[in-house]
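The values are calculated or read from the model by the stated rules, or taken from the named source; none is laboratory data. Just so it is clear, the structure is predicted and the values come from calculations on it, not from any experiment. Here the Cβ positions follow ideal geometry from the backbone for every residue, glycine too, while neighbour counts run over all protein chains shown.
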Amino acid sequence: MGKTEVAADAVAVVSRQFFTKGAPDGDAEDQELLISVHRFVTRPASIAYEVGSTLNMGNYESARVSVRVEVPCYREELDGALGYAKEFAERVLGQEVEEIHKARKSGKKDLF
């Protein structure tokens with residue numbers, strides 16, 4: 001089996017449905033994506049990374065935001081998978097914290 005056959009075997013078309021934040025109930029978006037799927041020949045290892053932040057909301061209130069990413073991989077890929085999980089979790093946490101701060105500054109009461 002050549003490299004081209006392996007790559008072709010690792011691609012799948014995935015249809016996903018998700019609800020947009022702030023959209024009316026039942027309002028969903030459909031997307032069709034072409035993603036590369038990692039097929040494991042042996043039992044995979046797994047590595048996880050979690051990061052969180054507690055935000056002072058004022059008036060003796062706080063909000064806790066956390067992001068956890070778990071990545072299946074081969075044992076030989078653990079370092080790279082940890083780097084990926086860490087970068088992803090920290091980026092998403094930063095975006096969520098920024099969104100909460102913006103909503104709070106604008107006076108929005110319903111943050112979640």
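In region 26-33, is there at least one residue being modelled with pLDDT of 70 or more, in contact with a Ser or Thr (Cβ under 7 Å, 6 or more places away or on another chain) and in a strand (DSSP E or B)? No, there is no match, as no residue in region 26-33 is modelled with pLDDT of 70 or more, in contact with a Ser or Thr (Cβ under 7 Å, 6 or more places away or on another chain) and in a strand (DSSP E or B). Residues being under 17 Å from Ser46 (Cβ atoms), surrounded by 14 or more Cβ atoms within 10 Å (Cβ to Cβ) and small (Gly, Ala, Ser) are entirely absent from region 67-80.
The sole residue among Val71, Val97 that is in contact (Cβ under 8 Å) with a residue 12 or more places away in the chain, outside any helix (DSSP H, G or I) and β-branched (Val, Ile, Thr) is Val71.
Only a single item in (1) of a type in the set (Lys, Arg); (2) at pLDDT below 95; (3) surrounded by 13 or more Cβ atoms within 10 Å (Cβ to Cβ) is not met by Lys108, and it is number (3).
Selection of region 47-78 for residues being of a type in the set (Val, Ile, Thr) and within 14 Å of the chain's Cα centre (by Cα) yields Val51, Val65, Val67, Val69, Val71. Applying the condition of being more than 13 Å from Ser53 (Cβ to Cβ) and of a type in the set (Gly, Ala, Ser) to region 79-112 and asking which residue is nearest to the chain's Cα centre (by Cα) yields Ala85.
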